[in-house]
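The values are calculated or read from the model by the stated rules, or taken from the named source; none is laboratory data. Since we're looking at a predicted model, the values are computed, not measured. Using ideal geometry, Cβ is built from the backbone for each residue, glycine included, and neighbour counts are taken over all protein chains shown. These area figures cover heavy atoms from the full protein model, side chains too; ligands, DNA and RNA do not enter into them. Shrake-Rupley method; radii C 1.70, N 1.55, O 1.52, S 1.80 Å.
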There are 2 protein chains.
Amino acid sequence: MGRVTFDISMSLDGFVAGPSASHEEPLGVGGLQLHEWAFAAARWREAHGESGGEAGADDDVIAEAVAASGVTIMGRHMFSGEGGPWGEDPFMGWWGEDPPFHHPVFVLTHHARETLELGDTSFTFVTDGIESALEQAQAAAGERDVAVAGGANVIQQYLRAGLVDGFQVHIAPVLLGGGVPLFDALGTTLPTLEVERVVAGERATHIRYRCV
Amino acid sequence: MGRVTFDISMSLDGFVAGPSASHEEPLGVGGLQLHEWAFAAARWREAHGESGGEAGADDDVIAEAVAASGVTIMGRHMFSGEGGPWGEDPFMGWWGEDPPFHHPVFVLTHHARETLELGDTSFTFVTDGIESALEQAQAAAGERDVAVAGGANVIQQYLRAGLVDGFQVHIAPVLLGGGVPLFDALGTTLPTLEVERVVAGERATHIRYRCV
């Protein structure tokens, strides 16, 4: 069975989105800076239907993450913008007609509905909790990894439940001064970490940890 | 003139001390884990009058930091324990008879007093603010760096004032879940950062940033 992981960009002060998220700045003030390393990478651009971009260590990290993950789990806000500031269609999601996943996605929600197929990505809606979503995701993933995409609160739920095998944080060289913290509300049983690998990228520092 | 820097160990969730600091655990619950990488390093042990320890990348980072800094600035709590949980002598400080600095230290305080000489470390008490302390420190340092040792609130004061040229964070592979955040209360004018260097140590990841 593959590992349960997450991959997320974080500011040096620990935020995955800046303060004061709004329709104009859905990632909060300064939040886009967290992802500049990815936006500049050729294979991120390719996965999102854009051309150009750079090769290098940051780009290799993108390629590796794309290759490793066979299935994605996400929260309903990340799927739809429902309740979020960007106000996209809560039914079709905000990922467009050809979402960048190209594999099964399981969406944690309270509202049962049929699986939605968009391009070669399927969104399956799971109403009976994070363990059930993980079981379904692992069955679909086979030997590949299950990636918990977010948001931060979904990642925190899986960390609190002790279900995460490891993760990679992409530390952007930016201070946001506030926003959505990644490692928040983890309860009292914190995972014990070991560094698995460090990559000094051109625009971010990528550290992969094992939860032991 | 040398650079103004700081070197500090931080948890992956951004804390420089854990929650619930007490006399038994002055660095808070789990806080000692932040410094395990240093405690294990031969040259940290040597600088603190102990034998043994390991060579390697972590140890090289210690040696480099010791060599670079010519003068240290610290807050009065860091000097004395005054107001802190460890309850050491507020007059002599809690650094013992041979403090590990071996160079001039400037202590920010509201209480004027004579310079204190302990071993080959001098503690000069500055009552007229962080800029004055920095001027005196730079005069004493010559071409060497001025290291702002802490606590976190002193580092934050220098960051807010735009007086820091760069810094190194030693990211320990640990989540503390609470405690004393390093990058807090920085105001609205946040420094712009560039990664200067990444060292993947045996027990911590060392990232040096420039403030540009």
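Observations, loosely collected:
- Those residues of the stretch B:195-210 which are of a type in the set (D, E, K, R) and either under 26 Å from A:L193 (Cα atoms) or surrounded by fewer than 13 Cβ atoms within 10 Å (Cβ to Cβ) (or both), in sequence order: B:E196, B:R197, B:E202, B:R203, B:R208
- Selected residue (only one of B:A63, B:A67 is part of a helix (DSSP H, G or I), more than 14 Å from chain A (Cβ to nearest Cβ), modelled with pLDDT under 95 and touching a Lys or Arg at 6+ places or on another chain (Cβ under 6 Å)): B:A63
- Among the residues of the stretch A:1-34, those that are open to solvent by 40 Å² or more (accessible area, probe 1.4 Å) and either of a type in the set (D, E) or closer than 15 Å to A:V66 by Cβ (or both) comprise A:D7, A:E24, A:E25.
- Segments classed as strands (runs of 3 or more DSSP E), wholly inside the stretch A:106-212, with at least 3 members that are at pLDDT 95 or above and facing chain B (nearest Cβ under 10 Å): A:166-172, A:193-200, A:205-211
- Among (1) farther than 19 Å from B:G178 by Cα; (2) open to solvent by 50 Å² or more (accessible area, probe 1.4 Å), the one test that A:A185 misses: (1)
- For the stretch A:80-101, the candidate set comprises residues that are modelled with pLDDT of 80 or more and in contact with a Gly (Cβ under 7 Å, 6 or more places away or on another chain); within that set, the residue that is surrounded by the fewest Cβ atoms within 10 Å (Cβ to Cβ) is A:E97.
- When the criteria are applied in full, B:T109 meets the requirement of being farther than 20 Å from B:I8 by Cβ, of a type in the set (V, I, T) and open to solvent by less than 60 Å² (accessible area, probe 1.4 Å).
- Sub-9 Å Cβ pairs linking a first residue in the stretch A:1-27 that is closer than 16 Å to B:A185 by Cα and among the charged types (D, E, K, R) to a second residue that is open to solvent by 10 Å² or more (accessible area, probe 1.4 Å) and outside any loop (DSSP other than H, G, I, E, B), at least 6 apart or interchain, are A:D13/A:P181; A:D13/B:P181, ordered by first then second residue.
- Filter result (in a helix (DSSP H, G or I) and either in contact with a strand residue (DSSP E or B) (Cβ under 7 Å, 6 or more places away or on another chain) or not charged (D, E, K, R) (or both)) within the stretch A:37-60: A:W37, A:A38, A:F39, A:A42, A:W44, A:A47, A:A57, A:D58, A:D59
- Residues located in the stretch B:174-190, provided they are over 19 Å from the mean Cα position of the chain (by Cα) and of a type outside the set (A, V, I, L, M, F, W, C): B:G177, B:G178, B:G187, B:T188, B:T189
- Among the residues of the stretch B:118-156, the ones that are over 27 Å from B:H48 (Cα atoms), open to solvent by 60 Å² or more (accessible area, probe 1.4 Å) and under 16 Å from the mean Cα position of the chain (by Cα) come to 0 in all.
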